[in-house]
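One structure is given here, and the rest of the page talks about it.
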Amino acid sequence: MAHTTVDSPVGPLTLVATDGGLSGLYMTDQRYRPADDSFGPADASLFGDVIVQLEEYFAGRRTEFELPLDLLGTPFQRAVWTALCSIPYGETVTYGELASTLGRPTAARAVGMANGRNPIGIIVPCHRVVGSTGDLTGYGGGLGRKRQLLDFESQTLTLGLST
């Protein structure tokens, strides 16, 4: 396990890798962020592809990430996190819609809990999940960052910058 920290438009991002791939992308003051001493030694050399793809995303040139991920969680959490990756760039779904996608239409609250524990923010786009009325609800990185990411994706699509 190793980590590095990179700057981004939403503040510093701590990237964490295991032998299986990227296992964490944490924002400053993120809810459920593990203790920094659990991230292993600093080693930026392991994160070249991640950093390039994040730079492309924030430049409006990337709408999907192509990285090996090591999603560490329960089977249900991993199913939710995998389903998050199918939400198209610039679009949102509700917790209930995501629960239905998983074949568990009454599990919106459980989906919300798993969503909140997503260890790889932005790349596993939990910011694209909203409340049943379309309102912004819960985000481990804070609602301001959630709004910033959603606005960024919407504006990128409107301006036609993404490919």
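Just a few scattered comments:
- If the condition is being more than 17 Å from THR94 (Cα to Cα) and either more than 13 Å from the chain's Cα centre (by Cα) or open to solvent by 30 Å² or more (accessible area, probe 1.4 Å) (or both), then the range 138-150 contributes GLY144, ARG145, GLN148.
- Some residue of the range 81-93 being in contact with a Ser or Thr (Cβ under 6 Å, 6 or more places away or on another chain), without any contact (Cβ under 8 Å) to a residue 40 or more places away in the chain and closer than 26 Å to SER154 by Cα: yes
- When the range 76-89 is filtered for residues that are of a type outside the set (S, T, N, Q) and open to solvent by 30 Å² or more (accessible area, probe 1.4 Å), the ones remaining, listed by number, are PHE76, ARG78, ALA79, CYS85, PRO88.
- Beta carbons closer than 8 Å, at least 6 apart along the sequence or on distinct chains, pair a first residue in the range 34-55 that is over 11 Å from VAL16 (Cα atoms) with a second that is loosely packed, with under 13 Cβ neighbours inside 10 Å and of a type outside the set (Lys, Arg) for GLN53/GLU66.
- Some residue of the range 117-129 being in contact (Cβ under 8 Å) with a residue 12 or more places away in the chain and in contact with a Pro (Cβ under 6 Å, 6 or more places away or on another chain): no
- When the range 27-49 is limited to residues that are of a type in the set (A, V, I, L, M) and under 21 Å from ASN115 (Cα atoms), the one that is modelled with the lowest pLDDT turns out to be ALA35.
- Single residue of VAL130, VAL111 found to be in contact with a Phe, Trp or Tyr (Cβ under 7 Å, 6 or more places away or on another chain) and at pLDDT 90 or above: VAL111
- Residue within the range 96-115 that is at negative phi, in contact (Cβ under 8 Å) with a residue 40 or more places away in the chain and not in a helix (DSSP H, G or I) present: no
- Residue that is closer than 26 Å to PRO12 by Cβ, among the acidic types (Asp, Glu) and open to solvent by 30 Å² or more (accessible area, probe 1.4 Å), where the choices are ASP70, ASP135: ASP70
- Considering the range 46-67, the residues that are open to solvent by 90 Å² or more (accessible area, probe 1.4 Å) and not aliphatic (A, V, I, L, M) include one that is nearest to LEU13 (Cα to Cα), namely GLU55.
- Complete set of residues in the range 48-93 that are among the charged types (D, E, K, R) and outside any helix (DSSP H, G or I): ARG61, ARG62, GLU64, GLU66, ASP70, GLU91
- Enumeration of residues in the range 9-45 that are surrounded by 15 or more Cβ atoms within 10 Å (Cβ to Cβ), assigned to a loop (DSSP other than H, G, I, E, B) and touching a helix residue (DSSP H, G or I) at 6+ places or on another chain (Cβ under 8 Å): VAL10
The values are calculated or read from the model by the stated rules, or taken from the named source; none is laboratory data. Every value quoted in this text rests on a predicted model; they were computed, and no experiment measured them. Glycine also receives a Cβ, built like all others from the backbone with ideal geometry; neighbour counts cover every protein chain displayed. When the accessible area is computed, the model is the full protein with side chains, heavy atoms only, and any ligands, DNA or RNA have been set aside. Shrake-Rupley method; radii C 1.70, N 1.55, O 1.52, S 1.80 Å.
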